[in-house]
Each structure stands twice: as C-alpha cells, then as structure tokens.
Amino acid sequence: MKALVAGSTGAIGSLLLSRLLTDDRFAEIIAITRRPLTIQSAKLKELKIDSLEDLTSLNFENNIDVIFCCLGTTIKTAGSQEKFRQVDFGGVHLLGQLAERLRVKRFILISAMGAKKNSHIFYNQVKGEAEADLQSRKIDSIIIFRPGLLLVNRSEFRLGELLAIRAMDLVEKIIPQNFLVGFSTKAEDLVQSMIDASLGISQEAKPSGLCFIEASQIKSRN
C-alpha cells in the first residue's frame, strides 16, 4: 500500500510514521511536513511544505491508497482561535480536497471525543466542523477516530494535559478499569487501530462509507 501522512512530526503522527515504516504491508510512505523529520527509510518520501495552502497544488505520479490526517494543535501553540482553526479545520478541509482530487480510496482522521459542529465548546466545535466538511467529500471510505484524553509522550509541554493524565493515573488506582474505558486512549492503541482500519482488517471500521470509531471502541493492545 501507499500511504500519505499529514502531521508526521506530532506526537501521534510521528508514532504512526515509525510504525508504518516497519510494516511490510506498506510499500511507500509520503510524509507531509513543515519541519524536517528525524527518521529515515528507503520507503519514506519527505515532502516539505511552507504552509497548509501548499496542499492545493500537490500531485503524485502513483495512486495513494490511504491518507492519515494527524494534524492538530492548541490555541496556546497556535496563538489564537483563528490560527487554531486554520490547522484543525483548514488542514482537514485542504486534505479532503486533495483526497477527492486524487481519488484516494480511504481517509483516516483523528478527531476528538465530543466533536460537534454546534458545540458551545470552541475546540469541539472546530473538530465537529472539520468532520462535517470531510463528510461532504467524494471519498469511498472515511474513518473518523474520536479518542479520549491521549496518553502520549510529547515533546511539547501541555500543563492541562499533564495534570489530566496524572489525575487519570490516580483515578485508575481506585476505580476499576472497565469503568474508565472511553475517558482516555493510549497513543499506541490509537495508532494500531488506525493502521488496522487502513488495511481493512478492523472489526470496528466499515470497508466503505462513513465510520466513526469512538474512544470506547479503540482496543487496548496490552
């Protein structure tokens, strides 16, 4: 298979990229990035762009089987709500256009639990708008993941996320694990579920059409 990964320098995107590069079922990986990658492989093609708008002019000689969209930021990192929207909505919008133009068969998006375009919470609203925009595209298979709080090692410090993770650690010690399913998602579990879905071997993902995979459906790989 030939895959394209957007957001390959982020916490989830970089983990996904490393897994894909060691998976023999994927013959070529195109990584779209605005920052240089620290990983190398004979089957990796690094495609550097200056801005997300560059996605409108991209073209490829061979067909792409699946697009993984791991784009995402925070308002603090982006600098404003508008700049946050440019990434979390605008990036998905432009990738959806690219997938439609290139007739990509499968598109896999990392969204968020609680995503809803008419939500009163700005973050969830933007995620919901991105989902709705993607659904308007003529793509054979769209699989949208809605993970819970992501348990992942990040190079970027996020105080709120760190406090939430530590709180989850304490809660897990006093509340049975089966009651906590859906509140948090391990990065490794999410990435493997995405790969399974892209290959059509996931029980949770439909082979065609639109499919949502909620946090509670992302299986633990322990």
Give VAL104, VAL92 a once-over and let me know the one that is closer than 26 Å to THR185 by Cβ, aliphatic (A, V, I, L, M) and either touching a Leu at 6+ places or on another chain (Cβ under 7 Å) or in a helix (DSSP H, G or I) (or both). VAL92
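What about GLU53, is it out of contact with any Gly (no Cβ under 9 Å at 6 or more places or on another chain) and among the acidic types (Asp, Glu)?
In short, no.
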List every residue pair whose Cβ atoms lie under 8 Å apart, where the two residues are 6 or more positions apart in sequence or sit on different chains, the first residue falls within segment 67-84 and is under 21 Å from ALA31 (Cα atoms), and the second residue, located anywhere, is in a helix (DSSP H, G or I) and aromatic (Phe, Trp, Tyr). THR73/PHE84
Six or more apart or on different chains, Cβ under 6 Å: which pairs go from a residue in segment 19-44 that's under 15 Å from VAL66 (Cα atoms) to one that's in a loop (DSSP other than H, G, I, E, B) and small (Gly, Ala, Ser)? Could you list them? LEU21/SER41; ALA31/SER8
Under the condition of being farther than 19 Å from LEU4 by Cβ and of a type in the set (Val, Ile, Thr), which residue from segment 169-222 is modelled with the lowest pLDDT? VAL171
Scan segment 72-83 and give yes if some residue there is at pLDDT below 95, closer than 28 Å to GLY200 by Cβ, not in a strand (DSSP E or B) and not polar (S, T, N, Q), otherwise no. yes
Given (1) of a type outside the set (Ser, Thr, Tyr); (2) part of a loop (DSSP other than H, G, I, E, B); (3) touching a helix residue (DSSP H, G or I) at 6+ places or on another chain (Cβ under 9 Å); (4) under 20 Å from LEU20 (Cβ atoms), identify the lone condition not met by PHE68. (2)
Do you know which residues across segment 10-42 are surrounded by fewer than 19 Cβ atoms within 10 Å (Cβ to Cβ), outside any helix (DSSP H, G or I) and of a type in the set (A, V, I, L, M, F, W, C)? ALA27, LEU37, ILE39, ALA42
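The values are calculated or read from the model by the stated rules, or taken from the named source; none is laboratory data. It should be emphasised that the depicted structure is a prediction, and the values quoted were computed from it without experimental measurement. Here Cβ is always computed from backbone atoms with ideal geometry, including for glycine, and neighbour counts include all displayed protein chains.
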